[in-house]
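Working notes for the structure below.
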Amino acid sequence: MSHPEILPITETDDELRALLDDPGVELPAILPALAHALGDLTLLRDSLRLDLTNPFAEQGGWTPEQQEECRDLAAEALARLRDHDGPLAPAPSGADLHAMMNWTTGTTLDEAYLAMLTEELAPEGADLRAPTWHKDDIAPDTPMRVVIVGAGMSGILAAHRLAQAGIDYVVLEKNPGIGGTWFENTYPGCRVDVPNHTYCYSFMQKHDWPGYHSSQGVLLEYFNDCADQFGIRDHIRFDTEVQAVVFDDERATWTLELSTPDGEATLEANAVISAVGQLNRPQLPDIEGRESFEGPAFHSARWDHDVDLAGRRVAVIGNGCSAMQFIPHVAEVADHVTVCQRTANWMVPRPQYAQPLNPNLMWLFTHVPHFSNWYRLHLFWRSHEGLLPALAVDPDWPEPIETSVSAANDELRELLTLNFQAEFADRPDLLEKTLPRNTAGAKRFVIDDGVWARTLKRDNVELCTTGIERITPEGLVDVDGTSHDVDVIVYGTGFKASEFLTPMKVVGRGGVDLHEQWDGNARAYLGVVSPNFPNFFFMYGPNTNIVINGSIIYFSECEAHYITESLRRLLETGHRALDVKVEVHDAYNERIDAGNLGYAWGVSSVNSWYKSKSGRVAQNWPFSMLEFWEQTRQVDPDDYHWL
């Protein structure tokens, strides 16, 4: 685990108070960190219990008076920490740690929540999700080789857990480098849209991110550093793409057919982990004449850096998360930008989105022991509470579901609308075009710091919402007949998210083809396994995407734990493979489908990458993060056929 080097405090009392007066300093995480360092739980006053139900509230929803009380307590405690002579307080007892977490979350947590959050906190640098067993102690003579497909975030994670358990593994990566989506997406403005201090492994927490939402290059460096520190790089075969994976019923092994720099090859494994992700195959729109355009055209995930956009007329098709990140940069250099919008997106204001990390916040990371852990936990819980309750469907709500799904959802809609009205107060024409007509939460929210409105107001930017009839050699023609002659087309049209594992061919027991079994609707038990495919595991599989309540890394850590527990079961029992029962799988997915219909993204008919072509939500997890943690803690042997 990467810890900040804790430096001595040399600031005066007045300097400490001035530091705390900075509105950019996140106050709620300071007191539990100081209580941890000093062993003084009296700092956690009942008068300062947090209310995190409003996701837009600053400083944990504290009133100005409560913020001043916090600053007074923190200034005094920082002075004590400065003047402290001798070792700091020992690690808190379990009871004290739980009391600190109850205060930090503003609620009284049950034992399961406390256990889950303790893992996230990783107190004293403990890797509490690491395997507690080793193959040499269970079945040293039993062969167990695992192939991981993909060296992105989840592939690196899976490799690290297998290495900790002493299991032989190899990682196959189609690209020449590590990083997955952060290797492939190099478009200008690319950055993570969740707080960076939660978008890192619990066992490899990083405090010194340069920004609140770091850019692609910074994230790529982080995952490369993790691979090097964990000794994973030597286990990766780069430029190696899996064409097919075929199960041998008699031997209960998998054979992978590979395309390598040296030609075709095969590889055998006892188990396969698919860590290919959901957002890795670009989606190009089905528009007449797309291939006829005579200028440069490319998808944002395959950005062509050889194309100079300076002084050019550029059309951007799409306005989702990626497009809203790169369009402002394109507009700064292009002569003219035509933005083609199909559906307006709800924007969540985040003023810090592209800002460098506050220097006083960095000071706290490097001078207050444990502050980085408690800051991360505060962000984790705040995102856990997040907007999810405001997206739940109230069956008695009288409004049409395409407008809002509950009183809380309607209130959220009004709140977000106020932000649009403020951003476009001087441009009612743009407000009319950009204000969504769909339910808040029916599509993915877009994080914005005001740059989108400023970009659309530029003289060289035109927002078109009439729809594209066709693409011509010279540009675009709208459905109303308006022509737009352009030099370059950039597609910001997302990914084939619901087409899991394509174009890889996967053949399981009895010759069953995975894609034929799914028939356009990918499903899996726990998002990890599907019937007829023994010892074939998914990372970031069907229905493990999160909408607005946390980081996907948390889900991947839960999945990696379940997969290693599955392998442990096999080694302990002497079985060669496990295959989830059809009835268990089907009952689980019925519950998932019903859960998704309880949220705005499930009941709305608006187009969304959350859904497969049939309209089923194949991506999203509709329950709490705790529930996913609980169901991936251990393997129920009754869920499986054991081969």
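The values are calculated or read from the model by the stated rules, or taken from the named source; none is laboratory data. Computed from a predicted structure; not experimentally measured. Quick reminder, even Gly has a Cβ in these numbers, built from the backbone with ideal geometry, and neighbours come from all protein chains shown. Areas reflect the complete protein model, heavy atoms only, side chains present, ligands, DNA and RNA absent. Shrake-Rupley method; radii C 1.70, N 1.55, O 1.52, S 1.80 Å.
In debye, nearest 20, what is the charge dipole magnitude of the range 165-238 about its Cα centre with +1 on Lys and Arg Cβ and -1 on Asp and Glu Cβ, if you could check?
Using Cβ point charges on Lys, Arg, Asp and Glu, the range 165-238 gives about 120 debye.
Give the shape of the range 308-361 as rounded, prolate or oblate, defined through the alpha-carbon gyration tensor: a ≥ b ≥ c are the square roots of its eigenvalues, a/c under 1.5 means rounded, and otherwise the shape is prolate if a/b is larger than b/c and oblate if not.
oblate
Report Rg/Rh for the range 18-177, rounded to two decimals, where Rg is the Cα radius of gyration and Rh the Kirkwood radius.
So for the range 18-177, dividing Rg by the Kirkwood Rh gives 1.12.
With viscosity set to 0.692 mPa s at 37 °C, what whole-number translational diffusion coefficient in µm²/s follows for the range 348-472 from Stokes-Einstein and a Kirkwood radius over Cα pairs?
Once the numbers are plugged in, D ends up at 185 µm²/s.
Rounded, prolate or oblate: which one fits the chain, using the alpha carbon gyration tensor with axes a ≥ b ≥ c (rounded when a/c is under 1.5, else prolate when a/b beats b/c, else oblate)?
Taking the square roots of the gyration eigenvalues as a ≥ b ≥ c, the chain is oblate.
Assuming 0.36 nm per residue, please report the length gained on full extension of the stretch E65 to A310 beyond their Cα-Cα distance.
83.1 nm
Which ³J(HN,Hα) values in Hz, rounded to whole numbers, follow from the phi angles of the range 635-643 under the Karplus curve 6.51 cos²θ - 1.76 cosθ + 1.60, where θ = phi - 60° and Gly and Pro get x?
8, 8, x, 6, 7, 10, 8, 10, 9
From the P(r) of the range 255-397, can you give the percent of Cα pairs sitting at distances over 18 Å?
Result for the distance tail: 77 percent.
Measure out, as a whole number of angstrom, how far apart the alpha-carbon centroids of the range 235-250 and the range 13-45 sit.
First find each Cα centre; the distance between them is then 52 Å.
With a cap of 14 neighbouring Cβ atoms within 10 Å, and only residues DSSP puts in a loop, list the trypsin sites (Lys or Arg not before Pro) found in the range 587-618.
K613
Limiting things to C-alpha atoms, what are the Rg and the maximum Cα-Cα separation (Dmax) for the range 210-284, in angstroms?
Cα-based Rg and Dmax for the range 210-284 come out at 16.5, 53 Å.
List the residues whose amide H sits under 5 Å from the amide H of G152, counting only those 5 or more places along or on another chain, with H placed 1.01 Å from N in the peptide plane.
Under 5 Å from the amide H of G152: G179, G180.
Restricting to DSSP loop positions (anything but H, G, I, E, B) with no more than 16 other Cβ atoms inside 10 Å of their own Cβ, which chymotrypsin sites (Phe, Trp or Tyr not before Pro) remain in the range 299-364?
Here no loop site has a sparse enough neighbourhood.
Using DSSP loop states and a limit of at most 13 other Cβ atoms within 10 Å to flag GluC sites (Glu not before Pro), what is the longest stretch of the chain containing no flagged site?
Longest run free of exposed loop sites: 295-643.
Relative contact order for the chain: what is it in percent, counting Cα pairs under 8 Å that are at least 6 residues apart?
Over the chain, the number comes to 17 percent.
If you roll a 1.4 Å probe over the range 16-72 with all protein chains in place, what percent of the accessible area is carbon or sulfur?
49 percent
Between T132 and D394, what is the label-to-label distance in nm when each label sits 7 Å out along the Cα-to-Cβ direction?
Using points 7 Å along Cα→Cβ, the separation is 4.4 nm.
Based on DSSP, what percent of beta bridges with both residues in the chain are antiparallel, to the nearest 5?
45 percent
Any idea which of T544, F555, Y610 is furthest toward the positive side of the dipole for the range 531-623, if Lys and Arg beta-carbons carry +1 and Asp and Glu beta-carbons -1?
Y610
Once the dipole of the chain is set up with Lys and Arg at +1 and Asp and Glu at -1 on Cβ about the Cα centre, which of T472, I236, T338 lies farthest towards its positive end?
Of the listed residues, the answer is T472.
Kindly report the accessible area of the range 155-230 per residue (heavy atoms of protein chains, probe 1.4 Å, no ligands, DNA or RNA), in Å².
Per-residue accessible area for the range 155-230 comes out at 26 Å².
Would you kindly state how much longer the chain becomes between R233 and S47 on full extension, computed as 0.36 nm times their sequence separation minus their alpha carbon distance, in nm to one decimal?
Gain on stretching R233 to S47: 61.9 nm.
Between T108 and E432, what length comes free when the chain is fully extended (0.36 nm per residue of separation minus the Cα-Cα distance, one decimal in nm)?
Once the chain is fully extended between T108 and E432, it gains 112.2 nm.
Using the Karplus curve 6.51 cos²θ - 1.76 cosθ + 1.60 with θ = phi - 60°, work out ³J(HN,Hα) for each residue of the range 121-127 in order, rounded to whole Hz, and write x for Gly and Pro.
Those phi angles translate into 5, 6, x, 6, x, 6, 8 Hz.
Just to be sure I understand the model, the point goes 7 Å from the Cα along the line to the Cβ. What's the resulting T366 to L284 distance in nm?
With each label point 7 Å from Cα toward Cβ, the separation is 4.8 nm.
Taking every pair of distinct Cα atoms and averaging 1/r, then inverting, what Kirkwood hydrodynamic radius in Å comes out for the range 582-643?
Radius from the Kirkwood sum: 13.3 Å.
For the pair E414 and D449, what calculated FRET efficiency results from E = 1/(1 + (r/R0)^6), where r is the Cβ-Cβ distance and R0 = 22 Å, to the nearest 0.05?
According to the calculation, E is roughly 0.55.
Grab the DSSP H runs of the chain that are 4 residues or longer, score each as -39,500 (n - 2.57), total them, divide by all residues and round the 222 nm result to the nearest 500 deg cm²/dmol.
Value at 222 nm, helices only, nearest 500: -10000 deg cm²/dmol.
Taking the Cα centre as origin and putting +1 on Lys and Arg beta-carbons and -1 on Asp and Glu beta-carbons, what dipole magnitude results for the range 299-404, to the nearest 20 debye?
I would put it at about 340 debye.
Report ³J(HN,Hα) in whole Hz for each residue of the range 99-114, in order, from the Karplus equation J = 6.51 cos²θ - 1.76 cosθ + 1.60 where θ = phi - 60°; Gly and Pro get x.
Calculated HN-Hα couplings, in order: 4, 5, 6, 4, 5, 5, 8, x, 8, 10, 8, 7, 4, 5, 4, 4 Hz.
Explain nothing, just the number: dipole magnitude of the chain about its Cα centre with +1 on each Lys and Arg Cβ and -1 on each Asp and Glu Cβ, in debye rounded to the nearest 20.
It comes to approximately 840 debye.
In terms of Cα to Cα distance under 28 Å, which lysines are near enough to K433, apart from those fewer than 8 places away along the same chain?
The reachable lysines, counting only those whose Cα sits under 28 Å from K433, are K443, K457, K496, K611, K613.
Using modelled backbone amide H atoms (1.01 Å from N, in-plane), which distant-in-sequence or interchain residues come within less than 5 Å of I447's amide H?
Result for I447 returns V348.
5 Å is the cut-off here: which amide hydrogens, built 1.01 Å from N in the peptide plane, fall below it relative to F537, excluding neighbours closer than 5 in sequence?
Those qualifying (amide H under 5 Å, at least 5 residues apart or on another chain) are V272, I273, S274.
Have a look at V25, T107, Q59 and report the one farthest towards the positive end of the charge dipole of the range 1-119, computed about the Cα centre with Cβ charges (Lys/Arg +1, Asp/Glu -1).
Checking the options against the dipole of the range 1-119, the answer is T107.
Once you sort the root eigenvalues of the Cα gyration tensor of the range 168-270 as a ≥ b ≥ c, which label holds: rounded (a/c under 1.5), prolate (a/b larger than b/c) or oblate (the other case)?
Judged from the Cα gyration tensor, the range 168-270 comes out prolate (a/c at least 1.5, a/b above b/c).
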